[in-house]
1. Name the residue that is modelled with the highest pLDDT, counting only residues in region 182-231 that are assigned to a loop (DSSP other than H, G, I, E, B), within 26 Å of VAL326 (Cα to Cα) and out of contact with any Asp or Glu (no Cβ under 7 Å at 6 or more places or on another chain).
2. Give just the number: which of (1) modelled with pLDDT of 90 or more; (2) of a type in the set (Phe, Trp, Tyr); (3) outside any helix (DSSP H, G or I) does TYR277 not satisfy?
3. Any idea which of (1) at pLDDT 90 or above; (2) more than 24 Å from LYS265 (Cβ to Cβ) is the one ILE105 doesn't satisfy?
4. Under 7 Å between Cβ atoms, which residue pairs at least 6 apart in sequence (or on different chains) link something in region 314-325 that is part of a strand (DSSP E or B) with a partner that is at pLDDT below 90 and charged (D, E, K, R)?
5. Could you please give the count of residues in region 2-52 that are outside any helix (DSSP H, G or I), on the phi < 0 side of the Ramachandran plot and modelled with pLDDT under 80?
6. Do you know which residues across region 142-175 are assigned to a helix (DSSP H, G or I), farther than 22 Å from GLN81 by Cα and of a type outside the set (S, T, N, Q)?
7. Being closer than 27 Å to ARG209 by Cβ, touching a Lys or Arg at 6+ places or on another chain (Cβ under 8 Å) and not aliphatic (A, V, I, L, M) is the filter here; which residues of region 288-340 pass it?
Amino acid sequence: MAARSRQAALDEVQGTYWKQYKRIVDYCSELLRTNPWSSVTLKVQRSPDFEVEEQHNGLNNFCIFQRIYVCLAACKKSFLQCRRFIGLDGCFLKTPQGGQLLTVIGWDPNDQMLLIAYAIVESETKDTWKWFLRLLIDDFGAETIGRSTFMSNQQKGLLPTFNEVIPGVDHRFCVRHLYSNFRKKFSGLHLKQLMWGCAKATHWKEWEREMAVIRQINVEAHRHLNAIPPRFWSRSMFNFHSKCDTLVNNICESFNGAIIESREKPIVTMLEEIRVYLISRWAVNRERIQNFNGTVLPRIRKKIERRCRSVGEWRPYWSDAHTYEVVNGLTKFAIDLSAH
């Protein structure tokens, strides 16, 4: 009795789940009207009777909601000012109809999450990821998306999708998720620290040195990690432009945590709460930046200060023109400032 009363109250406030699917077309139209230059794509399954030219009341003329994709104009403009780093993630919807929420998250100039696009699909498969990424390419262009670095949690069907839709794109795995699989077979704090040492390596020699230590401790653990191509999880294969400061997909996890209550609500209510969350976040950021004095944003400034404290461990030796040799103990690197 209490559960039925609670559900009746929620239906009164949020609208019943099935009724909101009838309003999804109107919601898409209103979203486009109030947000010019946005992209909204709705995909439905039509009954066979829709193919009949002369329809009448005796036919089953219906559409079943399948997918919706949303990329707001403000998200498009914001991403063009950010680093070309994109996190992909999918999470379950806690509704009677089920489904998955797919998200594309970027990093803004202050190292905060930026929602680029989102979609509600029936399940997380190669077909849904392909549909999602192709719409993303339509919005930003193949050149922009192709030059980005993607990070994922090894979602189902994502690797073959990249090979088909964006061949050759930089793709990384979240190391936290890789470690969750690694520790099922190889536990222990020391192995964990060594694995993260490999992931954080910025040079291939450093990566080989860390892997050699793992091989001495546990041959099977070394074989397990060596089977994962370094370009998917180690910084040692990152180029200068795609290098990121973390190999953990925290930006996606942060967004999923922010909308955890919205994932339980009917579809239009959920979509609207995501939109309101975005505009509220932008409003707060605008207010903060108006009161900020300086050219380097707060989170970036903290990172620079932290790096400056450790820079004393390194000694530069000038070689020629823009070339230096930087030494820290037995570790040496050749640096060419002109080539960055």
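1. Taking region 182-231 first, the residues assigned to a loop (DSSP other than H, G, I, E, B) are 183-188, 200-203, 218, 227-229.
Add one more test, that the residue is within 26 Å of VAL326 (Cα to Cα), and what stays is 200-203.
With the extra rule that they be out of contact with any Asp or Glu (no Cβ under 7 Å at 6 or more places or on another chain), the set shrinks to 200, 202-203.
Details: LYS200: 82, THR202: 75, HIS203: 78.
Looking at residues that are assigned to a loop (DSSP other than H, G, I, E, B), within 26 Å of VAL326 (Cα to Cα) and out of contact with any Asp or Glu (no Cβ under 7 Å at 6 or more places or on another chain), I get LYS200.
2. Only one criterion is unmet by TYR277, namely (3).
3. Status for ILE105: all satisfied but (2).
4. GLU325/LYS332
5. We begin by selecting, within region 2-52, every residue outside any helix (DSSP H, G or I); these are 15-16, 22-23, 35-47, 52.
Checking the rest, the ones that are also on the phi < 0 side of the Ramachandran plot come to 16, 22-23, 35-36, 38-47, 52.
Cutting the leftovers down to modelled with pLDDT under 80 gives us 16, 46-47, 52.
Residues meeting the conditions: 4.
6. So in region 142-175, the residues assigned to a helix (DSSP H, G or I) come out as 142-146, 158-165, 175.
Checking the rest, the ones that are also farther than 22 Å from GLN81 by Cα come to 158-165, 175.
Across region 142-175, the qualifying residues are LEU158, LEU159, PRO160, PHE162, GLU164, VAL165, VAL175.
7. Matches in region 288-340: GLU325, ASN328.
Conditions (1) farther than 18 Å from GLU253 by Cα; (2) touching a residue at least 24 places away in the same chain (Cβ under 8 Å), marked per residue:
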{"site": "LEU114", "(1), (2)": "no, yes"}
{"site": "GLY141", "(1), (2)": "yes, no"}
{"site": "ASN163", "(1), (2)": "yes, no"}
{"site": "PHE186", "(1), (2)": "yes, yes"}
{"site": "LYS192", "(1), (2)": "yes, no"}
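The values are calculated or read from the model by the stated rules, or taken from the named source; none is laboratory data. Just so it is clear, the structure is predicted and the values come from calculations on it, not from any experiment. Glycine gets a Cβ as well: all are built from the backbone with ideal geometry, and neighbour counts include every protein chain shown.
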